[in-house]
Amino acid sequence: MYPYVYHPSIWHPRSMRAYTLGEWGSSGEDPTLIQDIAKAISGQYNAISCYEKLARLAPTEEERRQIMEIRQDEINHYREFCQIYIRLTGKQPQITAEPCPDDYQEGLEFALKDEQKTVDFYLDIADKTRDPSIKKAFTRAAHDEQNHAVWFLYFWTKHGRCRCKQT
Ligand SMILES: [Fe+2]
Ligand SMILES: [Fe+2]
């Protein structure tokens, strides 16, 4: 029996994805790009649920509203990336649920780091693709994520400072 790391297609839950990736090469896009788009969709889905939690933890109405606006951007990204993915593959993307902190301050730090990483990741996707509509979607989303990172950094800094003053 082959170790499944070389033949993921049969044993692993992700196998169907790995298997079909071969076929998707015919869409003209690099299979690794399709995998990246699937990863981006999963990340968007997790951000949407994480930011809902963060919004509930927000101490002020202003922050809650801003986080809900960011969440709306993530919903738009999610929809747009799903459309791209379905167009390329004819399949629904698979989501992998990821944890999100229960504490507001930790959640802000988690979110701002994630947003920063996502900027680079989306710009890489934009560089890799030959499809102008994918390039545009990911470049625009990267700008949004950069803006989100600044908001989260602002809230994180503000609360970090408040906490210092109290002690
Ligand atoms: Fe996003
Ligand atoms: Fe974002």
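Residues in region 75-83 carry Karplus couplings, in order, of 4, 5, 4, 4, 5, 5, 5, 4, 4 Hz; the curve used is 6.51 cos²θ - 1.76 cosθ + 1.60 with θ = phi - 60°, and Gly or Pro positions show x. For region 30-166, the equivalent ellipsoid built from the Cα gyration tensor has semi-axes of 30, 14, 12 Å, listed from largest to smallest.
Within the set of other residues whose C-beta is less than 13 Å from the C-beta of Arg130, count the net charge using Lys and Arg as +1 and Asp and Glu as -1.
Here the charged neighbours net out to -1.
Which pairs in the list Lys91/Lys128; Lys117/Lys158; Lys135/Lys158; Lys136/Lys158 are over 30 Å apart, alpha-carbon to alpha-carbon? Please report the intermediate quantities before stating the final value.
Working: Lys91/Lys128 21 Å; Lys117/Lys158 22 Å; Lys135/Lys158 35 Å; Lys136/Lys158 34 Å.
Long pairs (Cα-Cα over 30 Å): Lys135/Lys158; Lys136/Lys158.
Using Cβ point charges alone (K and R +1, D and E -1), the dipole size of region 30-166 about the Cα centre works out to roughly 140 debye. The distance separating the Cα centre of region 145-160 from that of region 94-137 comes to 15 Å.
We did not get these values from a lab; they are worked out from the coordinates using the rules stated. For clarity, every value in this text was computed on a predicted model and none was experimentally measured. Positions of Cβ are backbone-derived with ideal geometry, glycine not excepted, and every protein chain shown enters the neighbour counts.
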